[in-house]
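Student: Mind looking over this structure? Questions follow.
The values are calculated or read from the model by the stated rules, or taken from the named source; none is laboratory data. What you are looking at is a predicted structure, and each value in this text was computed from that prediction instead of being measured. With ideal geometry, Cβ positions are generated from the backbone for all residues, glycine too; neighbour counts draw on all protein chains shown. For the accessible areas, the whole protein counts, side chains as well, though only heavy atoms, and no ligand, DNA or RNA atoms are used. Shrake-Rupley method; radii C 1.70, N 1.55, O 1.52, S 1.80 Å.
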Amino acid sequence: MAALIWLVLGVLLIAAEILSGDFVLVMLGAAALGAAGVSALGAGEVLAAVAFGVAALGLIAGARPALKRRLTAGHELKSGVQALVGGTAIVVSTVDAHGGRVRIGGEVWSARSLDHTVLEPGAEVTVVEISGATAVVMSGS
């Protein structure tokens with residue numbers, strides 16, 4: 001009977017996680033499922049409660065931070081000049097390894113080519129980096 005109670009508690013906690021989204025309830029639910037397994041194997045209620053406590057502590061302290069990092073990785077919002085990197089620009093005046101001008105989103109920037117090629121006006125280029133007030137670009141094709 002204790003295994004069934006742990007099982008129901010585990011399922012309810014995992015289902016309640018949908019409302020919170022903070023990965024605490026799902027960790028407690030998984031710990032409760034572990035306690036249900038321990039109880040189903042014939043261990044006493046005290047041992048099942050200890051298994052729940054150890055599993056809950058381990059999951060919340062160990063697995064939860066790693067899971068949150070993994071799920072939020074790559075969702076940083078780029079702003080300022082970092083938002084320009086990877087975008088396209090149009091060459092306004094010839095760009096080479098030493099200088100030139102490109103138009104990025106309506107603004108004219110100083111530019112230099114990354115691979116020392118000469119880029120002619122009208123060419124579409126990719127912004128690889130922003131170095132100070134200079135866009136480092138390379139041929140977009």
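Student: Could you list, in sequence order, the residues of region 72-113 that are of a type in the set (Val, Ile, Thr), closer than 12 Å to Ala135 by Cα and at pLDDT 85 or above? Before you say what the answer is, go through the steps one by one.
Tutor: First, pick out the residues of region 72-113 that are of a type in the set (Val, Ile, Thr): 72, 81, 85, 88, 90-92, 94-95, 102, 104, 108.
Subset that is closer than 12 Å to Ala135 by Cα: 81, 85, 88, 90-91, 95, 102, 104, 108.
Correct list: Val85, Thr88, Ile90, Val91, Val95, Val102, Ile104, Val108.
Student: Let me ask something else. Is there any pair with a first residue in region 29-48 that is among the polar types (S, T, N, Q) and a second that is assigned to a helix (DSSP H, G or I) and open to solvent by 20 Å² or more (accessible area, probe 1.4 Å) whose Cβ atoms are under 6 Å apart and which are 6 or more apart or on different chains, and what are they?
Tutor: So the pair list comes out as Ser39/Ala2; Ser39/Ala3; Ser39/Trp6.
Student: Determine if region 50-61 includes at least one residue that is over 33 Å from the mean Cα position of the chain (by Cα) and either open to solvent by less than 40 Å² (accessible area, probe 1.4 Å) or at pLDDT 90 or above (or both).
Tutor: yes
Student: List every residue pair whose Cβ atoms lie under 6 Å apart, where the two residues are 6 or more positions apart in sequence or sit on different chains, the first residue falls within region 94-111 and is over 10 Å from Val136 (Cα atoms) and without any contact (Cβ under 8 Å) to a residue 40 or more places away in the chain, and the second residue, located anywhere, is open to solvent by 30 Å² or more (accessible area, probe 1.4 Å) and of a type in the set (Lys, Arg).
Tutor: Qualifying pairs under 6 Å: Val108/Arg101.
Student: Identify all residues within region 14-29 that are among the hydrophobic types (A, V, I, L, M, F, W, C) and crowded, with 18+ Cβ neighbours inside 10 Å; write none if there are none. Give the derivation first.
Tutor: Within region 14-29, the first condition is being among the hydrophobic types (A, V, I, L, M, F, W, C), and the residues that meet it are 14-16, 18-19, 23-28.
Across region 14-29, the qualifying residues are Leu25, Val26, Met27, Leu28.
Student: Just to be sure I understand the filter: pairs with C-beta atoms under 9 Å, separated by 6 or more residues or on different chains, first member in region 114-127 and on the phi > 0 side of the Ramachandran plot, second member open to solvent by 40 Å² or more (accessible area, probe 1.4 Å). Which pairs pass?
Tutor: His116/Asp96; Gly122/Ile90; Gly122/Val92
Student: Picking from Thr117, Thr94, which residue would you name as being in contact with a Pro (Cβ under 7 Å, 6 or more places away or on another chain) and of a type in the set (Ser, Thr, Tyr)?
Tutor: Values: Thr117 fails: in contact with a Pro (Cβ under 7 Å, 6 or more places away or on another chain).
Of Thr117, Thr94, the one residue that is in contact with a Pro (Cβ under 7 Å, 6 or more places away or on another chain) and of a type in the set (Ser, Thr, Tyr) is Thr94.
Student: One residue is enough: does region 4-13 have a residue meeting the conditions surrounded by 17 or more Cβ atoms within 10 Å (Cβ to Cβ), of a type outside the set (A, V, I, L, M, F, W, C) and part of a helix (DSSP H, G or I)? Explain how you work it out, then say what you get.
Tutor: Of all residues in region 4-13, those surrounded by 17 or more Cβ atoms within 10 Å (Cβ to Cβ) come to 6-7, 9-10, 13.
Still in the running and of a type outside the set (A, V, I, L, M, F, W, C): 10.
Right, trim to part of a helix (DSSP H, G or I) and you get 10.
Yes, because at least one residue in region 4-13 is surrounded by 17 or more Cβ atoms within 10 Å (Cβ to Cβ), of a type outside the set (A, V, I, L, M, F, W, C) and part of a helix (DSSP H, G or I).
Student: To continue, here is another question. From the list Val81, Val91, Val85, exactly one residue is part of a strand (DSSP E or B), touching a strand residue (DSSP E or B) at 6+ places or on another chain (Cβ under 6 Å) and in contact (Cβ under 8 Å) with a residue 12 or more places away in the chain. Which is it?
Tutor: Result: Val91 is the single residue among Val81, Val91, Val85 that is part of a strand (DSSP E or B), touching a strand residue (DSSP E or B) at 6+ places or on another chain (Cβ under 6 Å) and in contact (Cβ under 8 Å) with a residue 12 or more places away in the chain.
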